[in-house]
Structure formats: structure tokens, C-alpha cells
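The values are calculated or read from the model by the stated rules, or taken from the named source; none is laboratory data. Here the structure is a predicted model, which means the values were calculated and not measured. Note that each Cβ is placed from the backbone with ideal geometry, even for glycine, and that neighbours are counted across all protein chains shown.
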Amino acid sequence: MRASGAETLLYNLAVDDAGTLYVQNNNNTVTEYPKGQVTPSKTLTEPKRGYGTGICVTVGKDGTVYTVDHLAGQIYELKNGSTTPTTIINLSEAFGLALDSKNNLYVGWATNSSGGPGHVMKYKPGATTGHDLGITVEYSGGLAVDSHDNLLVGDQGNHVIDIFKKGATTPFRTINAYPNNPYEFAFDRREVYLYLVGGPPEVDVYNCATGVLAWTVTKGFGSGSGSAAGVALLPRAPQ
């Protein structure tokens with residue numbers, strides 16, 4: 001996706017409880033759009049290290065924004081009201097982000113630049129040192145945490161979303177996303193459906209209880225659209 005009249009790629013989306021939309025751009029910025037507005041009210045700036053590699057954004061209940069610079073190997077934490085990072089976490093090949101109800105941060109990362117094998121780190125609020133959860137997937141993808149503290153981990157290599165109970169290293173359920181990649185995904189408010197992007201210009205919607213594809217959203221992408229890169233829902237899920 002491209003911003004109108006610019007060469008800025010839009011890589012990821014997040015929304016807060018007030019309906020503000022956060023857009024992660026590939027030029028090391030995140031732009032904020034108040035609910036119903038098409039002009040950004042604020043721009044958050046990440047440290048610039050050559051070509052922009054910001055690929056993911058999420059926002060906590062307290063308004064703290066978290067972003068990932070994939071190639072720089074850094075996660076940026078921007079406290080509510082700040083337009084520049086207040087905390088920097090160093091982690092090579094970082095990818096997906098998720099927060100739980102206690103504001104613990106989960107980060108998907110890979111051991112090499114090819115994206116695999118993929119792992120998940122957990123950081124307590126404000127911490128810059130985390131611990132590896134012992135989860136391994138073939139190729140890092142998106143992350144999410146549901147209201148039962150189950151961790152959903154996208155595996156782009158196997159085209160699945162693995163679901164782990166708290167503390168487990170083996171999934172108790174798997175959602176088959178084939179042939180698409182679980183690049184990013186988001187729950188609806190009641191966690192009945194999971195909206196996934198990762199390949200064609202569309203959104204695949206899965207029933208969370210059964211893992212079955214319920215429907216596909218294609219309207220609005222237009223002819224010649226590239227890949228769908230981000231998805232956010234309002235109202236957002238409890239986590």
C-alpha cells in the first residue's frame with residue numbers, strides 16, 4: 001500500500017480504545033489519525049538508520065505505543081504523549097508485537113535474516129531484557145494474545161497460526177491459513193472472529209472456535225492492489 005502522492009509504504013495498523021488509528025510507515029514514522037479523520041494529528045518518529053524498516057505497531061491501554069524496526073533489530077516504546085522513543089529494546093530480526101492484559105510485551109523474532117526459525121520473547125512493562133518462551137515456529141509471523149491469555153503465533157513457513165496456553169511450548173490448537181501467510185491478524189471485540197492478512201489484497205476471516213474460514217473481504221481493495229499488510233478493528237478486542 002502507498003500513501004497518496006508518496007513512496008511511503010504502509011506496513012501495519014493498530015487502533016486504541018478511543019478509535020485513534022496508528023499507521024506504521026516504512027519511513028520510520030507512525031502517523032496517528034483520530035477517529036473519523038483522514039488527516040494525521042500526530043507523527044511519531046523512530047531513529048532513522050538508512051532505509052526505513054518499521055514494520056509493526058501496537059498500542060497499550062495506557063496509550064504507550066510500541067513499534068519494530070526490523071533491520072535495525074530494535075523495538076521502540078513511546079510513552080503516551082511522546083513523539084520519540086522513551087525506551088529501546090535491542091532484539092535482532094524482530095517482527096510481530098502483542099500485549100497482554102498486564103501490559104507484558106510479546107515480540108516475535110528470528111535467529112537469522114531469512115525469518116526462521118522464529119521465536120517469541122516476553123518483556124515485563126518497561127523492561128529492556130526479556131526471556132524466550134521456548135516457542136519455535138518455522139518462519140516468524142504476527143502475534144496476538146486473547147482474553148484467556150492464550151498466545152497466538154503466526155508461522156508463515158507452515159501457513160498456520162499456532163495457539164499456546166500460558167506457559168506452554170506446544171500448541172493446543174492450530175488454525176490453517178493456507179495458502180496465505182499469517183503476517184498480521186486481529187480479533188474482533190468478542191473474539192468470535194480472527195481477521196488475517198498475509199498475501200493477496202484481501203482479509204480472511206476465521207471462526208476462532210472452529211478455525212474454519214468464515215468469509216473473505218475483498219471489497220475496497222481495488223484493481224491492481226498489492227498485498228494487504230495490516231488489519232485493525234474498532235472496537236478492538238479486550239487485550
Among (1) farther than 28 Å from Leu194 by Cα; (2) crowded, with 20+ Cβ neighbours inside 10 Å, which single condition is Thr128 missing? (2)
The strands (runs of 3 or more DSSP E) lying wholly within the range 139-239 that contain at least 2 residues that are at pLDDT 95 or above and over 23 Å from Ala110 (Cβ atoms) are 193-197, 203-207, 213-217
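Name the residues in the range 214-239 that are closer than 26 Å to Asp149 by Cβ and either crowded, with 16+ Cβ neighbours inside 10 Å or not aliphatic (A, V, I, L, M) (or both), would you?
Here is the first cut: in the range 214-239, the ones closer than 26 Å to Asp149 by Cβ are 214, 230-239.
Gly230, Val231, Ala232, Pro235, Arg236, Ala237, Pro238, Gln239, listed by residue number.
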Residue that is surrounded by the most Cβ atoms within 10 Å (Cβ to Cβ) [pool: residues in the range 35-83 that are in contact with a Lys or Arg (Cβ under 8 Å, 6 or more places away or on another chain) and among the polar types (S, T, N, Q)]: Thr64
Surrounded by fewer than 21 Cβ atoms within 10 Å (Cβ to Cβ), among the aliphatic types (A, V, I, L, M) and either in contact (Cβ under 8 Å) with a residue 40 or more places away in the chain or in contact with a strand residue (DSSP E or B) (Cβ under 9 Å, 6 or more places away or on another chain) (or both), is that true of Ile88? yes
Kindly indicate whether any position in the range 61-76 is among the small types (Gly, Ala, Ser) and closer than 20 Å to Ser114 by Cα. yes
